[in-house]
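Structure first, then comments.
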C-alpha cells in the first residue's frame, strides 16, 4: 500500500516510438507475441533488458516469479515473465494469467466505480459523505493525537473528493499511531486480509458488513480537518459503502458488472474461486535475505469469502486483467468497443483533485505530484521524471501500475512479497525499459 514510483513511464514513453515500428497489433488473448508474418519478433527480443532483469530476480533468489505487462497505444500488450508463482515444487510458471494480491491497486478500481456514478449524476464530487452515510454528519478531530482521543468538532464535512484523495482525515492501521491506532484495532477497522491464521483474529473484531464498517468508522475522531491534509487512509473502503448506497446494489456487484464484466476482466476476484486456485501465487515475508511463506497459495486467505469487499485492498487480479483496466483508462474510458466512462470522466479522474492548499509528494518522485481519484498524478514534465499526466498506484505486496492517457502508455508489474520496498523494482525496471528504448531506437 505504499506510493508507487512512476518513473517507469519515462522509459515507456520513449520505448513506444521504437516498438511501434517493429510490431503490429495482435490478439489481446495471447500471453506472448508469437512469430508470424505480421509479428516476427518475440517479446524477449523487443524487451531484452527487461526480460534479463526479471530473470535475474528469480535466479538470484529475490523472488519466485514476476510478471510485467507493458502497453503502447493499441498494439499488443507485451508480457514479460520469469520464474514461478511460488517456491512449492509443483508451482506453475508465472504468466499473464497468474493471480496476485494487488492490495492497494484496488483503490483505482474503486475510484473508477465512483467516477462512473459521478458521470451518471448519482453522486457529486463535492457532496458531503453524510448524504449517503448519515453517521458521518458530525465528525470530530483529535486535539492531542499522541496522547489521547480528546477531540473537537470538525471544521467542515467530509466530501466524496476527500475520500477519493485521502484528504478526509481518516486513519489507516498501517500508518496511524497512538491511541487512535488502538481504537482502530479494538473496533476492527482492519479492511484487508493477510493470511488465514491472522484472519481468524481479525474477524473477531472486524464488522461483518460494509455498512456496519462505515458506520463504525464514523464513530472515531479524525486525524485532521477534512480537506486540509493528505493522509493515507481507509477512504476508498468507506467509498465502497457510498457506492452501495448510491447505486442501490452491493459494492462488489457494481464493480463486477460495470467494470470487470464489460472489460473482460475474468481473472479479478474478491474471493478466488476453486477453479482458479491453481493460478494463485503464494505471498512471502522477507526478513534480511530469508523468504518465508506468509500466505501460501494452497491455504490462502483469499480463497475465503471476505468479511465484506475491501475497496482499498481487497482484490486479486492478473497482469492481463489489470492491463485491460489501465488500457481502458489510457483510451479515455473505452476498450474493445465497450465504453466504461466518458473521456471527460477519465480526464477528471486522472487530474489533480486535491483540495486547494493541500499537497502530495512521493519520496521517490522526481516531478511535481498531485493526487487524482485513487492514485497519484504527475503535474509537470521534469528531466528524469515521469511524464506529465502519468497516473498510478502500487500495492503492499510489491505490485505496480501506471498509465499515461496522453502518451498512451501503461505498465503493470506483479509480484507478491512483504515489504514492497525490499527490492528496488521502482528504479531497476524503468532503467531496464530505458535501455530497451535506446535499443529499439
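Residues that are under 22 Å from the mean Cα position of the chain (by Cα) and more than 24 Å from residue 209 (Cβ to Cβ) within the stretch 109-136 comprise 115, 118, 119, 125, listed in sequence order.
Note on the stretch 158-217: among residues that are in contact with a helix residue (DSSP H, G or I) (Cβ under 6 Å, 6 or more places away or on another chain) and at positive phi, the one that is surrounded by the most Cβ atoms within 10 Å (Cβ to Cβ) is 166. Against the criterion of being in a helix (DSSP H, G or I), closer than 20 Å to residue 67 by Cα and under 20 Å from the mean Cα position of the chain (by Cα), residue 252 does not qualify.
Among the residues of the stretch 192-221, the ones that are closer than 20 Å to residue 158 by Cα and either touching a residue at least 40 places away in the same chain (Cβ under 8 Å) or in the same structural domain as residue 310 (by TED's automatic domain parsing) (or both) come to 9 in all. When the stretch 62-83 is examined, which residues are found to be part of a strand (DSSP E or B) and closer than 16 Å to residue 398 by Cβ? The answer is 65, 66, 67, 68, 69, 80, 81, 82, 83. For the stretch 137-149, the count of residues that are within 22 Å of the chain's Cα centre (by Cα) and either over 22 Å from residue 251 (Cβ atoms) or surrounded by fewer than 19 Cβ atoms within 10 Å (Cβ to Cβ) (or both) is zero. Select from the stretch 261-272 the residues that are in contact (Cβ under 8 Å) with a residue 60 or more places away in the chain and either outside any loop (DSSP other than H, G, I, E, B) or outside the structural domain of residue 332 (by TED's automatic domain parsing) (or both) and list them in ascending order. 262, 263, 269, listed by residue number.
The number of residues in the stretch 406-419 being closer than 25 Å to residue 352 by Cβ and surrounded by fewer than 22 Cβ atoms within 10 Å (Cβ to Cβ) comes to 3. Cβ-Cβ distances below 8 Å connect the following pairs, each with a first residue in the stretch 138-151 that is touching a residue at least 24 places away in the same chain (Cβ under 8 Å) and assigned by TED's automatic domain parsing to the domain that holds residue 225, a second residue that is surrounded by fewer than 16 Cβ atoms within 10 Å (Cβ to Cβ) and part of a strand (DSSP E or B), and a separation of six or more residues or different chains: 139/153; 140/152; 140/153; 141/152; 141/153. Of all residues in the stretch 112-146, those that are assigned to a loop (DSSP other than H, G, I, E, B), in contact with a helix residue (DSSP H, G or I) (Cβ under 7 Å, 6 or more places away or on another chain) and over 30 Å from residue 330 (Cα atoms) total 5. Going by the conditions given, is residue 127 free of Cβ contacts under 8 Å to residues at least 60 places away in the same chain and under 19 Å from residue 246 (Cβ atoms)? Judged against the criteria, residue 127 is a match. Residue under question is residue 384, and the condition is that it be closer than 24 Å to residue 56 by Cβ, at pLDDT below 95 and not assigned by TED's automatic domain parsing to the domain that holds residue 164; does it hold? Considered against the rule, which asks whether it is closer than 24 Å to residue 56 by Cβ, at pLDDT below 95 and not assigned by TED's automatic domain parsing to the domain that holds residue 164, residue 384 comes out as yes. Can we say residue 235 is at pLDDT 95 or above and under 19 Å from residue 373 (Cα atoms)? Taking the combined requirement at face value, the residue satisfies it.
Against the test of being farther than 20 Å from residue 76 by Cα and either in contact with a helix residue (DSSP H, G or I) (Cβ under 8 Å, 6 or more places away or on another chain) or surrounded by 24 or more Cβ atoms within 10 Å (Cβ to Cβ) (or both), the options 400, 433, 353 yield a single qualifying residue, 353.
The values are calculated or read from the model by the stated rules, or taken from the named source; none is laboratory data. The model shown is predicted, which means the values in this text are computed figures rather than measured ones. Positions of Cβ are backbone-derived with ideal geometry, glycine not excepted, and every protein chain shown enters the neighbour counts.
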